[in-house]
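The structure under discussion appears below in the form of structure tokens.
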Amino acid sequence: MKKRVFSGARPTGRQHLGNYLGAIQNYVALQEDYDCIYCIVDIHALTTLENTDRLQQDIHEMMLDWLAAGLDPKKSILFVQSHVPEVMELHTLLSMVTPLSWLLRVPTFKEKARMQPHNVNYGLVGYPVLMTADIVLYKAEVVPVGEDQLPHLELAREIARRFNTLYGPTFPEPQAKLTSFPMVLGLNGAQKMGKSYDNYIELAATPEETSKLVMTAVTDPARQYRSDPGHPEVCNVFSLHRFFNTGRADEIAVECRSAGIGCVDCKKLLAEGINLRLAALREKRASLAAKPKYVSKVLADGAKRAQAIAKKTLTEVKEKMGLLPPAA
Ligand code: TRP
């Protein structure tokens with residue numbers, strides 16, 4: 001039997017190149033060798049969202065990008081966290097075996113408490129418990145995540161282990177599977193590409209929008225004049241050539257180093273590469289977006305399949321914790 005993969009991502013609306021290279025691509029590839037469950041974690045989003053007006057739309061746009069990129073509802077279970085409410089029950093039960101001290105020392109909790117001092121809510125403390133519930137509800141063994149999620153995964157393993165010790169073997173200890181793609185920098189070259197930095201290119205952008213944005217990208221700062229030789233190894237734009245112009249990247253590096261091409265030429269090549277590479281995805285996205293109710297049907301089916309697994313695990317947990325009579 002194939003091992004089970006679970007991963008979740010917060011509903012951030014239209015996905016950008018960083019999401020694609022860092023996460024989505026990897027999700028797509030894993031579908032071949034694992035039994036995959038991918039979830040949009042809307043309840044987790046509530047720990048930091050103060051305005052939820054866009055939540056439904058963000059979920060919809062994100063799922064369109066996932067589907068267009070190749071996540072396949074025939075191969076994987078794709079669903080929205082709150083559509084399978086069993087996760088909230090399991091979260092409460094797991095909270096009883098999770099020492100508060102473990103949660104208070106999680107780095108992301110401390111960071112978020114610093115970032116939103118006016119809103120250090122109870123849910124924020126329990127964030128990793130809910131994430132553990134996500135994973136163990138499906139008895140997932142493999143969890144593809146970025147490096148920033150490793151402390152959460154460590155905690156998930158500790159909670160699973162503690163439950164197993166207290167109530168008997170129930171959950172596998174989930175292993176993180178780091179995405180192999182290096183961090184994608186934003187167009188400003190200063191931080192990682194991210195929604196909050198306004199330094200991103202959406203997958204769904206038009207070719208024209210893409211070209212315009214690429215032209216704003218910061219390149220090797222040491223290259224001031226067209227005749228200055230460039231340093232592709234430190235250039236933000238070049239790192240994207242490796243992916244979007246794979247076959248030509250070495251040649252582009254040589255041309256950059258010798259000032260054979262300038263940054264404007266180089267960016268034109270990059271925009272071309274991105275537009276070519278994403279053409280099929282964009283076309284598929286447009287055709288899926290034109291089918292009324294397609295996304296909601298995928299999500300309803302995903303929730304149904306996820307819930308069937310969730311209900312079984314939850315019954316087992318309740319029996320083991322003494323909330324139900326033991327199984328016959
Ligand atoms: N915490 C993850 C993030 O911020 C999202 C997430 C929620 C998740 N539940 C999960 C990731 C379960 C992997 C498995 O990116």
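Readers should treat all values here as calculations from the given coordinates under stated rules, not as data from a laboratory. Since this is a predicted model, take the numbers as computed values, not measurements. Here the Cβ is made from the backbone with ideal geometry for all residues, glycine too, and neighbour counts use every protein chain on show.
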For segment 1-79, with only Lys/Arg (+1) and Asp/Glu (-1) charged at the beta-carbon, what is the dipole magnitude about the Cα centre, in debye rounded to 20?
260 debye
Net lengthening on full extension, K311/Q56 (0.36 nm per residue, minus Cα-Cα):
89.3 nm
Take segment 179-222, drop everything but the C-alpha atoms, weight them equally and run the Debye formula without solvent; then report log10 I(q)/I(0) at 0.14 Å⁻¹ to two decimals.
-0.35
Extended-chain gain in nm, criterion 0.36 nm per residue less alpha-carbon gap, K291 and Y225:
18.8 nm
Lysines near K110 by alpha-carbon distance under 29 Å, same-chain residues fewer than 8 away left out - which ones?
K139, K177, K192, K195
Between V218 and R161, what length in nm is gained on full extension when 0.36 nm per residue of separation is reduced by their alpha carbon distance?
15.9 nm
Which one, M62, V28, G126, is farthest towards the positive end of the dipole of segment 1-144 when Lys and Arg carry +1 and Asp and Glu -1 on their Cβ?
G126
State the Cα centre-to-centre distance between segment 140-167 and segment 227-287 in whole Å.
38 Å
Under the rule of -39500 (n - 2.57) per DSSP H run of 4 or more residues, summed and divided by the residues of the chain, what mean residue ellipticity at 222 nm is obtained, to the nearest 500 deg cm²/dmol?
-15500 deg cm²/dmol
Please compute the contact order of the chain in relative form: average sequence separation of alpha-carbon pairs under 8 Å and at least six residues apart, divided by the residue count, as a percent.
22 percent
Please express the shape of segment 74-205 as an equivalent ellipsoid: the semi-axes are the square roots of 5 times the eigenvalues of the C-alpha gyration tensor, given largest first in whole angstrom.
28, 20, 15
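Write down the Kirkwood hydrodynamic radius of segment 1-129, to one decimal in angstroms, obtained as one divided by the mean of 1/r over all alpha carbon pairs.
16.1 Å
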Which log10 I(q)/I(0) values, to two decimals, does segment 205-287 give at q = 0.13, 0.14, 0.19 Å⁻¹ under the Debye formula with one point per Cα?
-0.40, -0.45, -0.77
Please get the size of the charge dipole for segment 126-193, origin at its Cα centre, with Cβ charges of +1 on Lys and Arg and -1 on Asp and Glu, quoted in debye to the nearest 20.
60 debye
Mean projected area (nm²) of the alpha-carbon convex hull when segment 203-251 is viewed from all directions
4.1 nm²
Among V84, P144, L100, the residue whose Cα sits farthest towards the positive end of the charge dipole of the chain, when +1 is placed on the Cβ of each Lys and Arg and -1 on the Cβ of each Asp and Glu, is V84
Once you list every other residue whose beta carbon is under 14 Å from the beta carbon of S82, what net charge do they have if Lys and Arg are +1 and Asp and Glu are -1?
-4
Can you pull a Stokes-Einstein diffusion coefficient for segment 243-328 at 4 °C (1.567 mPa s), Rh from Kirkwood over Cα pairs, as a whole number of µm²/s?
71 µm²/s
Suppose every Lys and Arg Cβ carries +1 and every Asp and Glu Cβ carries -1, with no other charges. What dipole size does segment 205-287 come out with about its Cα centre, to the nearest 20 debye?
260 debye
Mind checking which lysines have their C-alpha under 16 Å from K75, skipping anything on the same chain fewer than 8 residues away?
K2, K3, K297, K304
L124: net charge of surrounding residues, Cβ under 11 Å, Lys/Arg +1, Asp/Glu -1, itself excluded?
+1
Of all the Cα-Cα pairs you can form in the chain, what percent are over 29 Å apart?
44 percent
Gaussian network model of the chain, springs between alpha carbon atoms under 10 Å - residue of R226, R282, R305 with greatest fluctuation:
R226
Could you compute the FRET efficiency for E89 and K110, with r as their C-beta to C-beta distance and R0 at 41 Å, rounded to 0.05?
0.90
Shape descriptor, segment 70-148: equivalent ellipsoid semi-axes (Cα gyration tensor, sqrt 5λ, whole Å, largest first) stand at 25, 16, 13
